[in-house]
Amino acid sequence: MCGIVGYIGTKNAKDVLLDGLEKLEYRGYDSAGIALFNQEGVQIFKEKGRIQDLKNEVPIAAYGQIGIGHTRWATHGKPSKINAHPHQSESGRFTIVHNGVIENYSLLKEEYLPGRLFKTETDTEVIVQLIEYFAGQELDTKAAFRKTISLLHGSYAITLIDAEDPEVLYAAKNKSPLLIGKGNGFNIISSDAMAALKETKEFIEILDEELISLTRDTIMIENLNGQKMERDSFIATIDSSDIEKGTYPHYMLKEIDEEPAVIRHIIQSYQNNAGEITVDQEILNEIMAADRIYIIACGTSYHAGLVGKNLIEQLAEIPVEVHVSSEMGYNMPLMSKNPLFIFITQSGETADSRQVLVKVKEKGYKTLTMTNVPGSTLDREADFSMYLHAGPEIAVASTKAYTAQIAVLSILGAAVGKQKGIQAANELDLVAELGIAANAMEGLVASKELIEHLAAEYLAVSRNAFFLGRGMDYFVAMEAALKLKEISYIQAEGFASGELKHGTIALIEDATPVFAVITQKNINWNIRGNVNEVLARGANACIISMEGVNQPGDRLVFPQVHPLLTSLVSVIPCQLLAYYAALHRGCDVDKPRNLAKSVTVE
Ligand code: F6R
């Protein structure tokens, strides 16, 4: 959600910025722009739409050795060329890009900026006008910037150029991600490492309410009191080739294909020399000391959390509640005496989840983040972390992170269960079972032709679809529906199949597509009964089942895996169904409309 790149160095900033913005496309955006400083002053180019549209706007000869770039996901003011960043102060002296939401922007505008000319509907323009206002009160640029950010309430990542001192790039952040990319004779600011990887692998973290001044050769980090901060750099473990599509038409397809390998990588990462699953003892102690676990997450990660509840309750015998982050923070349930919070987040930057983390930390509760992005905000701010080891996930629709989350949750559940001596955990050879699941996943990713055919048959023209399941399969049904709606725009619902006849079955009519996921023996006949009920009302039903519970007529049957790990496998055909349905309908699979990969505003 929004992305920032800033560059100061000896190369043409235009190239670095446009390349960096392309790498940030995956975060989701609706317009983009760059500002370049050269002999003619600051030149701004912006456009609604894709980076390619922006590229068409920027003359080949455009040049600058300092510049800032931005991808915007509209919050204040509609997506348009005028509202796209960068934005300038009234005189044109200051130029900024900004991610986040300034909650008190209208108050600040009223108090400090009456009579100023505003060109846009954005909160960002208030920031840049304020900087100019304070610079007019005899403050130097850094002091004016510091004074401005001290007044802002809300989330921000900002990068600033002063046309009167184009040898410095300023930046600051609060709650929104921003990193320094350290180079030899250049420095970069970016929302995440991906945008800068082509130039450098060395990064420095920026903390909330710090003020950064970068020249070509120096990096200065100060807190809001002007005190200098020292911080070591770190080397990013991802490689620029990890974020290339290669020969794949879409990142989503590549990421689905990677899922079996991700599971194998997770097994290796959580295995000790004796080949046993191992988790940091401190984490295990905290979990064993907890009387209840609260899983907090959004979207796909929430769906993985629902599966995780079953895994932890069955393997570790600790009660688990799963909550949607955006609800949890403002409507906390009555908490148990000694809770532990697990935040599941692919990006580690989701603002809805972070606001819960901040609140529960204030109450002194212990927190664990499961994330795919080491160094992300929720990784840094939680007491403990477990990594997903899925590699960068670029497609907006989450696929490999979901299965990675389930695999890591199973590892956590089994490790706690084993220490507690729980029979279900002792009897589970998780390394072997995850390996079997990875093989079954591999079989499914190789069945693309069949799944593409099913997508064409059931989803090519339908305007809605239902996914049914019970138990673990219900959670997968919810994820299947989310995947389908977000990339194909077909209205879809995941349903506990027994609940259908209590209202929703009224929506079933001739040829309504209904998919049923069946992997659990104990509910096999119940869900088949529910499928018959929708068939009797004209539905076009398709059963996806696992060997051992399959019946003649099931359209897709995959090999048997451990009953606790079925979600890892049954979700694959659902992800592929969504992919091919979106493709058939001509949708932009990797960048669905209105969505952002990293949701950094509440
Ligand atoms: C759906 C999807 C979203 C995310 C959600 C949480 O495909 O990607 O629903 O799962 O926005 O994001 P993270 O896991 O980064 O906190």
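Taking one quarter of the surface of the C-alpha convex hull of the range 3-241 gives a mean projected area of 11.8 nm².
Return the carbon/sulfur percentage of the accessible area of the range 3-241, one whole number, probe 1.4 Å, all protein chains in place.
47
Computed over the alpha carbons of the chain, Rg followed by Dmax gives 25.3, 81 Å. With angles folded into 0 to 90 degrees, how steeply does helix 448-459 sit against the dominant principal axis of the chain? Use alpha carbons for both and round to 10. Helix 448-459 sits at roughly 90 degrees to that axis. Accessible surface area normalised per residue over the range 379-466 is 33 Å², counting heavy atoms of protein chains with a 1.4 Å rolling probe. Relative to the longest principal axis of the Cα atoms of the chain, the long axis of helix 566-584 lies at roughly 60 degrees.
Under 5 Å from the amide H of Ser176 lie the amide H atoms of Tyr156, each residue being 5 or more positions distant or on a separate chain, with H modelled from the backbone and absent for Pro and chain starts. Determine which aspartates and glutamates satisfy two conditions relative to Lys11: a Cα distance under 12 Å, and not lying fewer than 8 residues away in the same chain. Excluding near neighbours in sequence, the set is Glu199.
Students often get this wrong, so check it: of Lys363/Lys485; Lys175/Lys448; Lys361/Lys485; Lys55/Lys597, which have C-alpha atoms separated by over 32 Å? Distance filter (> 32 Å) returns Lys363/Lys485; Lys175/Lys448; Lys361/Lys485. Taking all protein chains together, Thr75, Thr367 sort by accessible area into Thr75, Thr367, largest first [probe 1.4 Å]. Compute the angle between helix 524-535 and the longest alpha-carbon principal axis of the chain, please, reported from 0 to 90 degrees and rounded to the nearest 10. Once rounded, the angle reads 80 degrees. Over the range 309-461, the ratio between the Cα radius of gyration and 2.2 N^0.38 Å evaluates to 1.21. Over the Cα atoms of the range 363-405, Rg to Rh with Kirkwood Rh, two decimal places? Reported Rg/Rh, Kirkwood definition of Rh: 1.03.
For Leu113, what is the net charge nearby, where nearby means another residue's Cβ is under 11 Å from its Cβ and Lys, Arg count +1, Asp, Glu -1? Walk me through the numbers on the way to the answer.
On the way: positive: Lys109, Arg116; negative: Glu90, Glu110, Glu111, Glu125, Glu132.
Overall, the nearby charge balance is -3.
Ordered from largest to smallest accessible area (heavy atoms of protein chains, 1.4 Å probe), the residues Lys228, Lys173 come out as Lys228, Lys173. For the pair the range 30-44 and the range 324-340, the centres of their Cα atoms are 45 angstrom apart.
In order along the range 34-42, phi translates into HN-Hα couplings of 9, 10, 10, 9, 8, 4, 8, x, 8 Hz, rounded to whole numbers, per the Karplus curve 6.51 cos²θ - 1.76 cosθ + 1.60 with θ = phi - 60° and x for Gly and Pro. Taking the Cα centre of the range 252-445 as origin and assigning +1 to Lys and Arg Cβ atoms and -1 to Asp and Glu Cβ atoms, the resulting dipole is close to 440 debye. Projected onto their three principal axes, the Cα atoms of the range 48-183 cover extents of 41, 33, 29 Å, largest first. Taking amide hydrogens as placed 1.01 Å from N in the peptide plane, the amide H of Lys366 sits under 5 Å from those of Phe341, each at least 5 positions away in sequence or on another chain.
Between Leu468 and Phe495, Phe515, Ala516, Val517, the built amide H atoms are under 5 Å apart, and every one of these is 5 or more places off in sequence or on another chain. Within the range 447-593, the ratio Rg/Rh, alpha carbon atoms throughout and Rh by Kirkwood, equals 0.94. Neighbours of Asn223, meaning other residues whose beta-carbon lies under 9 angstrom from its beta-carbon, give a summed charge of -2 when Lys and Arg score +1 and Asp and Glu score -1. The ellipsoid equivalent to the alpha-carbon distribution of the range 450-532 has semi-axes of 20, 14, 12 angstrom, derived from the gyration tensor eigenvalues as √(5λ) and listed largest first. For the range 252-445, with all protein chains in place and a probe radius of 1.4 Å, 47% of the accessible heavy-atom surface sits on carbon or sulfur. Would you mind pulling out the separation of the Cα centroids of the range 215-270 and the range 370-427, in Å? With the range 215-270 and the range 370-427 each reduced to a Cα centre, they are spaced 17 Å. Computed from the Cα positions only, the extents of the range 181-326 along the three principal axes stand at 56, 47, 39 Å, in decreasing order. Computed over the Cα atoms of the range 37-121, the ratio of the radius of gyration to the Kirkwood radius (Rg/Rh) comes to 0.98.
The values are calculated or read from the model by the stated rules, or taken from the named source; none is laboratory data. Just so you know, these numbers come straight off a predicted model, no measurement behind them. Glycine gets a Cβ as well: all are built from the backbone with ideal geometry, and neighbour counts include every protein chain shown. Note: accessible area is taken over every heavy atom of the protein model, side chains too, but ligands, DNA and RNA are not part of it. Shrake-Rupley method; radii C 1.70, N 1.55, O 1.52, S 1.80 Å.
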